[in-house]
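*Asks:* First the structure, then my questions, so here it is.
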Amino acid sequence: METNNRILVIDDDLGVQSSYREILQPEMNAALFDQGRELFGCSGGGQISPDLNYELTLADNGESGIDAVKMSIRDNLPFAVAFIDLKMPGINGLATAKRIWQLDARINIAIVTALNCITPENTVKLLERQDILFLNKPFTRDEIRYLAQFMTYHYNLEQREAFWRVHLEQKVEKRALELKQSQQNASERLRRAMEGVIKAMTLMLESKNPYTAGHQHRVSVLATAMATEMQLKPDRVEGVRIAGLLHDIGKISVPSEILSWPGKLSKAEMQIIKQHPELGYDILKTIDFSFPVAEIEYQHHERLDGSGYPRGLKEAEILPEARILAVADVVEAMVSRRPYRAALGLDMALAEIDNGRGVRFDADVVDACVRLFKEKGFQW
Ligand SMILES: [Fe+2]
């Protein structure tokens, strides 16, 4: 980043302007130095301090000074410092300072005056800033050199800080964006992996019992639509969807002959089938789904009046998601063909859940299901 040593002097006194030039303009000092060396053949006069390498612009009055600032902005060569005489023909030094700061608030300004008529309070009020310096006339060479060095140093420090602050902010912002993107990618990969595992588990069960092929998928679709219809929060709807896809996974432990038996099952065989919610729970309980998928699966054959299995849970003991799944499971099972019976049809399925409305099945869940089929044209 380039160091800015550009100084603007606004003073109507040509003698004062010459003093500034003599103190601050390096070319003149360098020329004198070279002249001295040539004349006396030695390095007398000392080194030209790099700190005095100022680029000086002189203006006779406030308006010319303001024009110089405008041009400096246009040319992208801003001033670091301005020495402004207080009493000048036309607009005075304070009004000039105010207009200059309106154009470029970064410039450090020193007001130079032989008058004692300005008070800090008035100045602060007029300029709405406190960081203004005052220098009494007649000034000394050291005062000008000291102030020029101090104010240019301060200006460059501020600009560097601002530059690095922006640079750092941009870097932090970029890194945060990259991090967010990589987190999104990772969670998307995890989500896809989870979907793949669920699909694989579903296929495993369906390969064992082709008669229920698609049952879990169709239950999941209906249960998800019901949960949405009941305005459950999106994460709970997602829990219902996944629990639906896996709700009969426990049947993987039930012998195929029982699952595909075309006739009536014995009491003992029914007992084996009724173990599937618990077996499914054991399979799912260690998977961290971030919603209670295992518990929903465990409860999907429970009924509000306690007539369900395996634990005979009642009313509030049954999760809302499991109540939804229970109704979706019954409806899908009844509209589909089974090895031991033909499809019973939608009307009979809806009549069955209506019959159990408020007794075995949650009334709101039944209503949502009926609404979906009868009013909202739900179709698998
Ligand atoms: Fe089941």
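*Asks:* So residue 306 clears everything in (1) within 22 Å of residue 209 (Cβ to Cβ); (2) modelled with pLDDT of 95 or more; (3) among the small types (Gly, Ala, Ser) except one condition, right? Which one?
*Replies:* (1)
*Asks:* May I ask you to verify whether residue 119 is more than 20 Å from residue 21 (Cβ to Cβ) and touching a strand residue (DSSP E or B) at 6+ places or on another chain (Cβ under 7 Å)?
*Replies:* Working: more than 20 Å from residue 21 (Cβ to Cβ): yes; touching a strand residue (DSSP E or B) at 6+ places or on another chain (Cβ under 7 Å): no.
No.
*Asks:* Could you check the range 228-262 and list, in sequence order, the residues that are surrounded by fewer than 20 Cβ atoms within 10 Å (Cβ to Cβ) and either at positive phi or within 15 Å of the ligand (Cβ to nearest atom) (or both)?
*Replies:* 231, 252, 253, 258
*Asks:* Could you tell me whether residue 188 is outside any loop (DSSP other than H, G, I, E, B) and either surrounded by 12 or more Cβ atoms within 10 Å (Cβ to Cβ) or of a type in the set (Ser, Thr, Tyr) (or both)?
*Replies:* The answer is no for residue 188.
*Asks:* Which of the helices (runs of 4 or more DSSP H) contained wholly in the range 279-380 include at least 3 residues that are under 28 Å from residue 201 (Cβ atoms) and either within 16 Å of the ligand (Cβ to nearest atom) or not charged (D, E, K, R) (or both)?
*Replies:* Filter on the range 279-380 gives 293-298, 320-335, 363-374.
*Asks:* Just give me the residues in the range 13-24 being more than 55 Å from the chain's Cα centre (by Cα) and charged (D, E, K, R), in sequence order.
*Replies:* Hits for the range 13-24 are 13, 22.
*Asks:* Same structure again: For residue 123, which of the numbered conditions (1) surrounded by fewer than 14 Cβ atoms within 10 Å (Cβ to Cβ); (2) at pLDDT below 75 fails to hold?
*Replies:* For residue 123, the exception is condition (1).
*Asks:* Using the structure shown, decide if residue 217 is under 16 Å from residue 328 (Cα atoms), within 16 Å of the ligand (Cβ to nearest atom) and surrounded by 19 or more Cβ atoms within 10 Å (Cβ to Cβ).
*Replies:* Answer is no for this residue.
*Asks:* Based on what the data block shows, is residue 222 buried (at least 22 other Cβ atoms within 10 Å of the Cβ), under 37 Å from the mean Cα position of the chain (by Cα) and within 18 Å of residue 292 (Cα to Cα)? Before the answer, list the steps.
*Replies:* Values: buried (at least 22 other Cβ atoms within 10 Å of the Cβ): yes; under 37 Å from the mean Cα position of the chain (by Cα): yes; within 18 Å of residue 292 (Cα to Cα): no.
Considered against the rule, which asks whether it is buried (at least 22 other Cβ atoms within 10 Å of the Cβ), under 37 Å from the mean Cα position of the chain (by Cα) and within 18 Å of residue 292 (Cα to Cα), residue 222 comes out as no.
*Asks:* Moving on to the next point. Pull out all pairs, ordered by first then second residue, where Cβ-Cβ is under 9 Å, the residues are six or more apart or on different chains, the first lies in the range 317-343 and is not assigned by TED's automatic domain parsing to the domain that holds residue 365, and the second is among the hydroxyl-bearing types (Ser, Thr, Tyr) and in a helix (DSSP H, G or I).
*Replies:* Once the first residue is not assigned by TED's automatic domain parsing to the domain that holds residue 365 and sits in the range 317-343, no partner that is among the hydroxyl-bearing types (Ser, Thr, Tyr) and in a helix (DSSP H, G or I) comes close enough.
*Asks:* Separate question: Could you list, in sequence order, all residues of the range 201-240 that are in a helix (DSSP H, G or I), at pLDDT 90 or above and hydrophobic (A, V, I, L, M, F, W, C)?
*Replies:* 219, 221, 222, 223, 225, 226, 227, 237, 240, listed by residue number.
*Asks:* Could you give every pair whose Cβ atoms fall below 7 Å, whose first residue belongs to the range 244-257 and is modelled with pLDDT of 90 or more, and whose second residue is buried (at least 24 other Cβ atoms within 10 Å of the Cβ) and part of a loop (DSSP other than H, G, I, E, B), counting only separations of at least 6 or pairs across chains?
*Replies:* Filtered contacts from the range 244-257: 247/300.
The values are calculated or read from the model by the stated rules, or taken from the named source; none is laboratory data. The shown structure was predicted, so the numbers you read here are calculated from the model rather than taken from an experiment. Cβ coordinates were reconstructed from backbone atoms using ideal geometry, including for glycine residues, and neighbour counts include every protein chain displayed.
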